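Student: What follows is a single structure, and I will ask about it in a moment.
The values are calculated or read from the model by the stated rules, or taken from the named source; none is laboratory data. Note that the structure is a prediction, hence the values are computed from the model and not measured. Note that each Cβ is placed from the backbone with ideal geometry, even for glycine, and that neighbours are counted across all protein chains shown.
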Amino acid sequence: MAGLRTLLKKDENVRLFAISVDSLEVNKEFATKLAADGRGEINFPLLSDPEHRTIDSYGLHDPAYDGEKFAGILHPAVYVIDKNGIVAWAKVESNYRERPTNEEIRAGLDSLK
């Protein structure tokens, strides 16, 4: 998540959103913690989806963690959605500890041009 702060080019006409199962309060604490690293604040909204509505609609809920301490863990994913609302590029990881790289996301964004 911290690396996404440097993903977008200056004046690039792209909106970036992050969605998690965490509450708004937890997301705010997380953003504050990341900003304390001295590399800048999170420059995109951290959206809260504790009821999994959006997460489930994309099929990202990972049932491997149901009933565990971290119930609600989702598959890390990035979707590039074009101006018409069509998913133009997507990368979904099976391991919650792995994330799509900025290079992969950049390639997805560049494919829209």
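Student: Inside segment 1-33, can you point out the residues that are surrounded by 13 or more Cβ atoms within 10 Å (Cβ to Cβ), over 16 Å from Tyr79 (Cβ atoms) and modelled with pLDDT of 90 or more?
Tutor: Listed by number, the residues that qualify are Val26, Asn27, Lys28, Phe30, Ala31.
Student: Here's a check for you: in segment 76-95, which residue that is more than 16 Å from Asp22 (Cβ to Cβ) and in a loop (DSSP other than H, G, I, E, B) is farthest from the chain's Cα centre (by Cα)?
Tutor: Among them, the one singled out is Asn84.
Rundown of residues vs (1) free of Cβ contacts under 8 Å to residues at least 12 places away in the same chain; (2) loosely packed, with under 12 Cβ neighbours inside 10 Å; (3) of a type outside the set (S, T, N, Q), yes/no style:
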{"position": "Asp56", "(1), (2), (3)": "yes, no, yes"}
{"position": "Leu60", "(1), (2), (3)": "no, no, yes"}
{"position": "Glu98", "(1), (2), (3)": "no, yes, yes"}
{"position": "Asn102", "(1), (2), (3)": "no, no, no"}
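Student: A follow-up question, please. Could you say which residue among Leu34, Leu47, Leu24 is among the aliphatic types (A, V, I, L, M), closer than 22 Å to Asn102 by Cα, touching a strand residue (DSSP E or B) at 6+ places or on another chain (Cβ under 7 Å) and touching a residue at least 12 places away in the same chain (Cβ under 8 Å)? Walk me through how you get there before you give the answer.
Tutor: Working: Leu34 fails: touching a strand residue (DSSP E or B) at 6+ places or on another chain (Cβ under 7 Å); Leu24 fails: closer than 22 Å to Asn102 by Cα.
None of the others qualify; the one that does is Leu47.
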